[in-house]
1. Quick one: which of Thr196, Thr134 is within 20 Å of Glu238 (Cα to Cα), surrounded by 16 or more Cβ atoms within 10 Å (Cβ to Cβ) and in contact with a strand residue (DSSP E or B) (Cβ under 9 Å, 6 or more places away or on another chain)?
2. What about Cys354, is it within 12 Å of the ligand (Cβ to nearest atom), within 24 Å of Glu300 (Cβ to Cβ) and not β-branched (Val, Ile, Thr)?
3. State all residues of the range 366-397 that are touching a Phe, Trp or Tyr at 6+ places or on another chain (Cβ under 6 Å), more than 14 Å from the ligand (Cβ to nearest atom) and either more than 19 Å from Ile316 (Cβ to Cβ) or without any contact (Cβ under 8 Å) to a residue 60 or more places away in the chain (or both); if no residue qualifies, say none.
4. Go through the range 342-401 and report how many residues are under 26 Å from Ile96 (Cβ atoms) and within 16 Å of the chain's Cα centre (by Cα).
5. Restricted to the range 274-295, and to residues that are assigned to a loop (DSSP other than H, G, I, E, B) and among the small types (Gly, Ala, Ser), which residue is surrounded by the most Cβ atoms within 10 Å (Cβ to Cβ)?
6. With the range 85-131 as the region, which strands (runs of 3 or more DSSP E) entirely inside it contain at least 1 residues that are crowded, with 16+ Cβ neighbours inside 10 Å, within 16 Å of the ligand (Cβ to nearest atom) and at pLDDT 95 or above?
7. Yes or no: Leu332 under 30 Å from Val253 (Cβ atoms), touching a helix residue (DSSP H, G or I) at 6+ places or on another chain (Cβ under 7 Å) and either within 16 Å of the ligand (Cβ to nearest atom) or not assigned by TED's automatic domain parsing to the domain that holds Leu132 (or both)?
Amino acid sequence: MSKPNLHSINPIKFLKMDGIRKQKIESAEAKPLPPLSSYVPNQLAAALHPEKQYLKIVDVIEHSSDVKTFVFGANKEKGTEALAYFSAGQYLSISIKVGSAVITRPYSLSSSPKESLEGKYTLTIKRVKDGLATNYILDNWTVGTEVEASAPLGDFTYEPLRDAKKIIGLAGGSGITPFFSLAKAIADGDEDAELTLLYGSRTMNDVLFLKEFNAIAKKCPKFRLVNVLSDEDAKDCEHGFLTAELIKKYAPVDEPYSIFLCGPQAMYDFADKEIATLGLRRKFIRHELFGEYHNPQRNEDYPIKGTEKFSITVHIAGEAKVVEANANDTILCSLEKNGIAAPAHCRSGICGWCHSRLISGEVYVPKSVDGRRLADLKFKYIHPCCSFPVSDVEIEVPPMK
Ligand code: FES
């Protein structure tokens, strides 16, 4: 775009504009403006960012007893006419009623952006030991189940202004889902990037979407899958872990590249140390935090034993309640376990949806998920989704919308 020539601006004409504007306002008809919802940009914004989406399960694909893909369509009877478009790598925050508690969980979309235009979302969910939400979903959701979800959220997406065009993806376990979406988006021509995916699994039996990934790689030269198996040797696979050596083997030599990581916490603990030795610029290392932080006791700066119990006094929607909390549960988790529905989306300190005021007491926030700003620290705001109590605490939480 060429720069405007400031010398060509006529200051006399500019000064006259104010009078012209006043004349136009005075001569305009005195009828009320149409409702804001009738403006096309507002309609577009509402379609892209609906406050809620009502979905219905139309199919369930069982990969194993512990992994299922749920296929959703728009629940028109409840008022969702069309699914919101998204960028590959985004997630939905799902509301789930388990017993008396309403909890929310973020799940990355495994479908492609193109499929959303065809009226389809998919979420692939893997059972987690003691996972309150995942286990409930896998045991209860079936064709016809109605589900309430947020608009697509999150920034684990390819952004050409920030990211290098060549991406090395590091995936582990159910962290494969955003990469499945990204690989399809690249093959569909919706993302102009190249993805080499190093997918860490124990054995070939644990690899999800193998057939589908191979089919994408066959038709799209911009995508490549490398299976990295820790517990077995297999043809055309790497054996071992996601090490710096392995990344260097597949990364471009003389071009910049971005690393995108998504997987369980143990994978980050290992891979982050390996990546640190590569000397990449910080902006070229992208994490999807993928839910909440566990076991804060493993951090050197954690100030207590982690086996203690504390009381949380919570002020929400004009009521005050007192609940008992385990030190190694986040405050959000403790509220949910006690049937208190608090707002949350990402559950990892990023979206700010759970932003709450700490009235008294002390919390521990692991450095890697501490998204508080200076103003939050000054005025004592915390994110209950990644704050652990280290004393009795009193907080004020915004009500669920
Ligand atoms: S739920 Fe996103 S910051 Fe807490």
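The values are calculated or read from the model by the stated rules, or taken from the named source; none is laboratory data. It should be emphasised that the depicted structure is a prediction, and the values quoted were computed from it without experimental measurement. Here the Cβ positions follow ideal geometry from the backbone for every residue, glycine too, while neighbour counts run over all protein chains shown.
1. Working: Thr134 fails: within 20 Å of Glu238 (Cα to Cα).
The unique qualifying residue is Thr196.
2. no
3. Initially, the range 366-397 is screened for residues touching a Phe, Trp or Tyr at 6+ places or on another chain (Cβ under 6 Å), giving 366, 369, 386, 388-390, 392.
Still in the running and more than 14 Å from the ligand (Cβ to nearest atom): 389-390, 392.
Answer for the range 366-397, where residues must be touching a Phe, Trp or Tyr at 6+ places or on another chain (Cβ under 6 Å), more than 14 Å from the ligand (Cβ to nearest atom) and either more than 19 Å from Ile316 (Cβ to Cβ) or without any contact (Cβ under 8 Å) to a residue 60 or more places away in the chain (or both): just Val390.
4. 17
5. Applying the first criterion (assigned to a loop (DSSP other than H, G, I, E, B)) to the range 274-295 yields 277-281, 289-295.
Okay, now just the ones that are also among the small types (Gly, Ala, Ser), so 279, 291.
Numbers: Gly279: 6, Gly291: 22.
Checking each candidate, the answer is Gly291.
6. Once the strands (runs of 3 or more DSSP E) in the range 85-131 are filtered for at least 1 residues that are crowded, with 16+ Cβ neighbours inside 10 Å, within 16 Å of the ligand (Cβ to nearest atom) and at pLDDT 95 or above, what remains is 91-98, 101-108.
7. Here the answer is no, as Leu332 does not meet what is asked.
This table checks each residue for (1) surrounded by 15 or more Cβ atoms within 10 Å (Cβ to Cβ); (2) among the basic types (Lys, Arg); (3) closer than 21 Å to Ala133 by Cβ.
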position	(1), (2), (3)
Phe310	yes, no, no
Val323	yes, no, yes
Cys333	yes, no, yes
Ala344	yes, no, yes
Cys351	yes, no, yes
Leu374	no, no, no
Tyr381	yes, no, no
